[in-house]
């Protein structure tokens, strides 16, 4: 291999290459730190009046305003630097210069202009973002550069129509939950905080039908009931608000407040009918999202709403407590004597309330229960059986056997969930999916 004499022009080219490498390193640091900087953290820096925080907040509030221009400059620098290294290496080292240039571009450029600055930006995100915000803001305000970047993006949109950075969130729900799981595993956040994050995310997709008290469980009072008799009903059930109806639950005329009953009794109006002191009821569709209903309850100051289905009939009722429980979990006071929603039994068996939702059941089970036109464990059993079950009747789904432990009228009150291998089959060769079995006549439970 022959070596050419280094001239002043070669020295100038080497200086340009070094400058390009430095610029690439700075832009790599800026790209990494700015794209990883959240807007809330940028606001915190701005409130603390840190140097560069104003430009930083402007950039992270609109990533599309700087990212395309920044990437274009990076591409220009890389292209020019690669070309100059290749030309200079070929002139200095002859035919073997191409190999030398390749090694320099792969090893030296990767370490100095990519890996090192990006690693430092990850290790020092605040310093990197604040330090690079000003130069990047000035760079992206350069009018010719912005026009070129916008023109190239326009060509890209012709080939691949879309809205680019403006389309969709930067972090999906799945990614956010994965981050929360990772944080919980490394003790950055508590397990209870991980559960709360999950509940908040699921809260936005929950509809009123999933959290309401179903119609069969509603306690209602007929409008012609005397105040004294209604007070006995309220005291016996421990409710502060009760729906008032005319004939049946489909004809709700209002909500009766316990304090209105007490005021009427204090004023010697015990013989008055409750229809005269009811307050107007709020009616909501069963498909209404609870994330919309909660702020409505806060704004309009009501704690109970009657839930109606698409035909206008009463499907149930929902309270402010029901919505809050979706976020913080079950709320039980000193007067609640209800059975627990989930009761662990020996052998990995669970006894659960028939109203337990599929999502809540999957949270405590290792597997997944089948989904369909039902919201609860009881709905799974009725959906597979096709009739109202009797105590002891079972349904087998992949991984589990569901047995009815208790009925309350025509409603499934308690269900026993027993783990079962997916590949387990009947003696007659049938598979274990969606089977049902009626109890043996006369068998004890």
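Here 101, 121, 89, 116 are screened, and the one residue that is buried (at least 19 other Cβ atoms within 10 Å of the Cβ), at pLDDT 85 or above and in contact with a helix residue (DSSP H, G or I) (Cβ under 8 Å, 6 or more places away or on another chain) is 121.
For the range 23-41, the set of residues classified as in a helix (DSSP H, G or I) and without any contact (Cβ under 8 Å) to a residue 24 or more places away in the chain consists of 39, 40, listed by residue number.
Select, from 291, 264, 281, the only residue that is within 22 Å of residue 233 (Cβ to Cβ) and in contact with a helix residue (DSSP H, G or I) (Cβ under 7 Å, 6 or more places away or on another chain). Quick ask: steps written out before the conclusion?
Numbers: 291 fails: within 22 Å of residue 233 (Cβ to Cβ); 281 fails: in contact with a helix residue (DSSP H, G or I) (Cβ under 7 Å, 6 or more places away or on another chain).
Only one candidate passes the filter, namely 264.
Taking into account only those residues within the range 294-310 that are touching a helix residue (DSSP H, G or I) at 6+ places or on another chain (Cβ under 6 Å) and assigned to a helix (DSSP H, G or I), which is surrounded by the most Cβ atoms within 10 Å (Cβ to Cβ)? The residue in question is 297. Of all residues being more than 22 Å from residue 391 (Cβ to Cβ) and in contact with a helix residue (DSSP H, G or I) (Cβ under 7 Å, 6 or more places away or on another chain) in the range 360-373, which is surrounded by the most Cβ atoms within 10 Å (Cβ to Cβ)? Just the residue, please. Among residues in the range 360-373 that are more than 22 Å from residue 391 (Cβ to Cβ) and in contact with a helix residue (DSSP H, G or I) (Cβ under 7 Å, 6 or more places away or on another chain), the one surrounded by the most Cβ atoms within 10 Å (Cβ to Cβ) is 370.
For residue 345, indicate whether it is under 28 Å from the mean Cα position of the chain (by Cα), loosely packed, with under 15 Cβ neighbours inside 10 Å, touching a residue at least 12 places away in the same chain (Cβ under 8 Å) and closer than 26 Å to residue 417 by Cα.
no
Within the range 224-233, is there a residue that is within 27 Å of residue 284 (Cβ to Cβ), assigned by TED's automatic domain parsing to the domain that holds residue 321 and not in a helix (DSSP H, G or I)? Yes.
Just to be sure, is residue 247 at pLDDT below 90, assigned by TED's automatic domain parsing to the domain that holds residue 179 and either outside any helix (DSSP H, G or I) or crowded, with 17+ Cβ neighbours inside 10 Å (or both)? Criteria not met by residue 247. Evaluate the following for residue 383: is it outside any strand (DSSP E or B), on the phi > 0 side of the Ramachandran plot and not assigned by TED's automatic domain parsing to the domain that holds residue 254? Taking the combined requirement at face value, the residue does not satisfy it.
The values are calculated or read from the model by the stated rules, or taken from the named source; none is laboratory data. Keep in mind that what you see is a predicted model, and the values were worked out from it rather than measured. Neighbour counts are summed over all protein chains in view; Cβ atoms, including those assigned to glycine, are modelled from backbone coordinates with ideal geometry.
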